[in-house]
Every structure is written in C-alpha cells, then in structure tokens.
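A.B. asks: My structure is below; once you've seen it, I'll send some questions.
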C-alpha cells in the first residue's frame, strides 16, 4: 500500500511539473520569417526582458539566413567575393539591431515568467537600409570620380571599393530579409567599379627610389604583389621615394635597431600627393646586420598581411 501511494504521489508530481513547464505552440514553433515580419521569441522575468530576448532571437535567425545566402552566392561566384567583403558582411550582421518591431503575442507562464513573440517590420527595415545604401552610393560615386593622374584615380577607386563593401553588406542582408529584393542593379554597379579598379591597377607602373637596395626591393615586392608594375627607372605614372633612418643600440650583448621610413608618393606631374612615416624594429645577438634584416622582415610581414597601399598609408 505504501508503495502504491508513493507511486501515485510521484506521478502527480511529474504531471504537475509538465503542466507548469508547458509553453504555447507559437513559442515552441514560432512562425517562419515572411514578407511582412522577421520573427523572434523570448522569455524573461518581465515584459522588457522578454522583448529584448525576442529581438536577440530575431537577430540570430537573420544571421543564420544571411550566412546561408552568402554561402550560396559564394558557391555561384567565388571570384566576386573578397575576404574583406565577407568579413564586412559578418561584422554588420553581428551588430545588427532592430527599431521597427511589434509585440505580436505576450503572456505570463505558470511559473511567472513572461514569454513574447515579436515581429520586425520588413518594409520599414528595407526602406531604412535602402536610404543608407543610396547615401553610400552617392559617396562611392563621388570618390571614384576624383583624381587627375592614374595614381590618384587608383587610390580613389580603392577608397570607393571600401565604401562598396559597406553597400554590399547591406544588400546581402536585404536579400536575406526579402527574397523578392532585386540586388542586381546595385551589384552591377559594384562590379563596374571593381573592373575599373582592376584595369587601372594593372596599367600602373611606379618607380621606386631608395639608397637601400633591400628596402627598394621590399617596396617593389609589395607593389608587384598588388598587381602594380614596379621598376627602378623613372615612371611617367608616378614614383615612390623612400628615405630611411636607422637608430641603433647595443645592450645586454644584443644589437637593437629602429628603422624609420619616410615615404613620399609623387604623381606623374611631380606633385607629392602623400607623405608618411613607417617604423619597425629588430634585434639580434649575432650582429647589427641581422638586427636590420629582422626590422625589414617585420615590414614584409605587414605588407603580406594588409597590402602595400595600407602599409604605405595610402
């Protein structure tokens, strides 16, 4: 008899717990994103906490959707994507937040928490993003048309391409938000910009002058890696003049050096369009030459990681 009562008591406890933890179907199986809303559900100790949890859920679901769209687009056209574009899209999506949303359902559970279903307005989100894209488009077109010499045009096209990554990130998000969004006109404009940059970049030939052959070779290496012709001879399209300064020290049986490069970028008209200073350091217990080679080697690592133009500060 005692065992019978114990079993009944245990069953009643389980039944009570299952009822107290029961959630409505709209929470357990929230609606799929559609043309009207991006959906999200959340639970919290009060309505505000539940709402923010639901917004976070909507953002998370959108990140998954954008990631899927991005993978599909990269599979179809891998040559059209650079690592900078992929990184920018990821960065924008990770920081995404919503302002135009509606609390569609909210109720109190039997264990006193609040559960909420929110809907982010797709039309308002799209309108907001399109305004941002249009503004960036104007900026991109203005920058891309600046410059008299090919060298200046190349640098400004590079800046325009940086703006285009912001545009493309927002376009990819809109593709995920609205399956009917027509991204082709915008992506065609970006492709034209990329083609213009590639054309002028490959036609450039820049001369490099430096009293140090290792440093001259380093700059030429970076230019060639970027698809820009480099030579020792004077070029009609521009030149890079490098003046180096070595600061040396010897202590604790180690040679220490600091290398300072003063860079001048000169256009085809002989006008200096940019100056910059770049520093590096090296050390060696063997000799001073090894310490200097270490400093130059560090500069090459910087060129490899971020490209010659960013290295030069262009």
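A.B. asks: State the number of residues belonging to region 219-266 that are exposed (fewer than 15 other Cβ atoms within 10 Å of the Cβ) and over 22 Å from residue 306 (Cβ atoms).
C.D. replies: Number of matching residues: 15.
A.B. asks: Something else: In the list 253, 224, 243, which residue meets the criterion of being more than 30 Å from residue 159 (Cα to Cα) and free of Cβ contacts under 8 Å to residues at least 40 places away in the same chain?
C.D. replies: Numbers: 224 fails: more than 30 Å from residue 159 (Cα to Cα); 243 fails: more than 30 Å from residue 159 (Cα to Cα).
Just a single option satisfies the conditions, and that option is 253.
A.B. asks: Which residues, taken from region 157-186, are in contact (Cβ under 8 Å) with a residue 60 or more places away in the chain and either within 14 Å of residue 145 (Cα to Cα) or touching a helix residue (DSSP H, G or I) at 6+ places or on another chain (Cβ under 7 Å) (or both)?
C.D. replies: Passing the criteria: 158, 165, 166, 168, 169, 170, 172, 173, 175, 176, 177, 178.
A.B. asks: Within region 261-292, work out how many residues are within 23 Å of residue 226 (Cα to Cα) and either at pLDDT 95 or above or under 33 Å from the mean Cα position of the chain (by Cα) (or both).
C.D. replies: 16
A.B. asks: Okay, moving on. Could you tell me whether residue 172 is under 21 Å from the mean Cα position of the chain (by Cα), buried (at least 17 other Cβ atoms within 10 Å of the Cβ), at pLDDT below 90 and assigned by TED's automatic domain parsing to the domain that holds residue 62?
C.D. replies: Numbers: under 21 Å from the mean Cα position of the chain (by Cα): yes; buried (at least 17 other Cβ atoms within 10 Å of the Cβ): yes; at pLDDT below 90: yes; assigned by TED's automatic domain parsing to the domain that holds residue 62: yes.
So residue 172 passes the test.
A.B. asks: List the helices (runs of 4 or more DSSP H) inside region 124-237, counting only whole elements, that have at least 3 residues being under 19 Å from residue 87 (Cα atoms). Outline the logic, then answer.
C.D. replies: On the way: elements: 150-177, 184-203, 213-225.
Fully inside region 124-237 and qualifying: 150-177, 184-203.
A.B. asks: Take residue 104 and tell me if it is outside any helix (DSSP H, G or I), at pLDDT 90 or above and under 30 Å from residue 35 (Cβ atoms).
C.D. replies: Details: outside any helix (DSSP H, G or I): yes; at pLDDT 90 or above: yes; under 30 Å from residue 35 (Cβ atoms): yes.
Yes: the conditions hold for residue 104.
The values are calculated or read from the model by the stated rules, or taken from the named source; none is laboratory data. The structure displayed is predicted, hence computed values, not measured ones. Methodologically, a virtual Cβ is constructed for each residue, glycine included, from the backbone with ideal geometry; neighbour enumeration extends over all protein chains shown.
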